[in-house]
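Nothing in this text is a laboratory measurement; each read-out follows from the coordinates by a stated rule. Small disclaimer: the values here were computed from a predicted structure and weren't measured. Cβ placement follows ideal geometry from the backbone for every residue including glycine, while neighbour counts extend to all protein chains displayed.
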Ligand SMILES: [Zn+2]
């Protein structure tokens, strides 16, 4: 190298060092300018579907019409362009059999129609998720019941029995017709074989093909009411062997029928498996946005307040896009995953390049953060990706510096209360034995949780994954045992 050039180079390096830049940063900058943010016409994923299933007493089951409309408008703003719901029939009787009363099933179905109409009015395409042999409670006659087994539970009947099959087809005819009457135009059905679904009897084996053939009949009925409706599938809990069987069958018997497969991503994983798909079937992903970055210990379904996965979701988007995934279906169980909605849709739509950018925009929009505060807010939210590692006292001090004076909205308040839950959790975990102080901390924990559930999210009768017995709190089982023993001793003393 000529000495004059060396001198220039070393002078340049010295200058860069003084302004705090490194060659790595320069290279990064060059790469960024060479790869500008994707244009809106070519986002990482063409489809960003919000599967906001209303059931189990969660937010989507209880939100009012206008509340849901406002909420969906925000989801669209972050980048979602499709909406899906599922009629979870657990505990519901057939609403089309009873015309004179308004029962739980009527109220739930009405709400779903309302939510579909709201989504449609916002310009979101509407899809109905179907788990075909899951039926109303009054249809679960003993002679028709499905054979239960691993992954197979709930109100299920066997579609290999002609009477049960006819009942299933009629159920969907009723739903499709009623949606059409209500002005809802379905773009697709998302068929899913498990959770709740399946039958382990001899006649239904292999289940995946019984399911596919049943869905073909259901899809034919759907076409009568929703012209051009497509059939998509959800790969939740499928084995690679089931994917192979389905793909072989579809290529032979129903080419082009399955438009996409939303593949299952196991806990902790950030991409989908390389399973075989039918020809022409697009590779989509079913992304669980209801938990934090870590799968273990698990912060999930709002038991510890809101959740954030600021590292897992950006990584998931990157890995999925790199593996040829063209659509994502966000599996959402309520408002508690609000930050994760922004992350998945914001990145998946190409509106933002990094998780940090999304979080800064989130803090600006909802917490009133200015340009300077947005970055520390984003850092604060990022720490919640690993909530069991965070120091609640340090987090509280940082929050005190970030908070704007005046009343905060529910989005901000839920994080303050999460902090309180983790303060209490730490106190409970620090002790052994059920001392009055430790019992008092648990009592306080439930009170704060109730404040979130009732005061912020307006939840009512929580079922299934939201039940207290499914809390991931590590001390719960021991506490429940203690509480039960204590209750029994009270009974004896009376
Ligand atoms: Zn069966």
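If you take the Cα Rg of the stretch 339-411 and divide it by 2.2 N^0.38 Å, with N the number of residues, what do you get?
Ratio of Rg to 2.2 N^0.38 Å for the stretch 339-411: 1.11.
According to the square roots a ≥ b ≥ c of the eigenvalues of the Cα gyration tensor, what is the shape class of the chain, taking rounded for a/c under 1.5, prolate for a/b larger than b/c otherwise, and oblate for the remainder?
oblate
Restricting to Cα pairs below 8 Å that are 6+ residues apart, what does the relative contact order work out to for the chain? Please round to a whole percent.
It comes to 15 percent, rounded to a whole number.
What is the gain in length, in nm to one decimal, between residue 252 and residue 391 on full extension, counting 0.36 nm per residue of separation less the C-alpha to C-alpha distance?
Working: separation 139, 0.36 × 139 = 50.04 nm, distance 5.71 nm.
Length difference between fully extended and current span is 44.3 nm.
Need the C-alpha centroid separation for the stretch 83-148 versus the stretch 262-312, integer Å.
Centre-to-centre distance over Cα atoms comes out at 25 Å.
Provide the gained length on full extension for the span residue 99 to residue 469, in nm with one decimal, where the gain is 0.36 nm per separating residue minus the Cα-Cα distance.
Here the segment from residue 99 to residue 469 would lengthen by 129.6 nm.
To the nearest 500 deg cm²/dmol, what mean residue ellipticity at 222 nm is calculated for the chain from DSSP H runs of n ≥ 4 alone, each contributing -39,500 (n - 2.57), summed and divided by the residues?
Estimated from H runs of four or more residues: -15000 deg cm²/dmol.
First check a/c for the stretch 308-437, with a ≥ b ≥ c the square roots of the eigenvalues of its C-alpha gyration tensor; if it is under 1.5, answer rounded, and if not, answer prolate when a/b is larger than b/c or oblate otherwise. Mind dumping the intermediate values first?
Numbers: a/c = 2.33, a/b = 1.48, b/c = 1.58.
Taking the square roots of the gyration eigenvalues as a ≥ b ≥ c, the stretch 308-437 is oblate.
List 245, 359 from most exposed to least, where exposure is judged by having the fewest other Cβ atoms within 10 Å. Before the final figure, lay out the partial values.
Working: 245 18, 359 25.
Ranking 245, 359 by Cβ neighbours within 10 Å, fewest first, gives 245, 359.
Of 216, 360, how do they rank once you tally other Cβ atoms within 10 Å and put the fewest first? Write out the running numbers ahead of the final one.
Details: 216 16, 360 22.
In increasing order of surrounding Cβ atoms, one gets 216, 360.
Rounded to the nearest 5, what is the percent of antiparallel bridges among the DSSP beta bridges in the chain?
Values: 4 of 41 bridges.
Among the beta bridges of the chain, antiparallel pairing accounts for roughly 10 percent.
If I model a spin label as a point 7 Å beyond the Cα along the Cα-Cβ vector, how far apart are those points for residue 404 and residue 148 in nm?
With each label point 7 Å from Cα toward Cβ, the separation is 5.1 nm.
Taking 22 Å as R0, compute the FRET efficiency from the Cβ-Cβ separation of residue 371 and residue 42 and round it to 0.05.
0.15
Which order do the peptides 64-73, 125-134 come out in when sorted by mean C-beta neighbours inside 10 angstrom, highest first? Can you show the working numbers first?
Working: 64-73: 15.0, 125-134: 23.1.
Those peptides, ordered most packed to least, come out 125-134, 64-73.
Let me know the whole percent of all Cα-Cα pairs from the stretch 369-482 that are separated by more than 26 Å.
Cα-Cα pairs in the stretch 369-482 separated by more than 26 Å: 26 percent.
Which distance in Å, rounded to a whole number, links the C-alpha centroids of the stretch 184-254 and the stretch 448-476?
Value for the Cα centre distance between the two parts: 34 Å.
Is the C-alpha gyration tensor of the stretch 102-222 telling us rounded, prolate or oblate? Criteria: a/c under 1.5 is rounded; beyond that, a/b larger than b/c is prolate, otherwise oblate.
Verdict is prolate for the stretch 102-222.
Rank these for me by crowding, 229, 157, going from fewest to most other beta carbons within 10 Å.
229, 157
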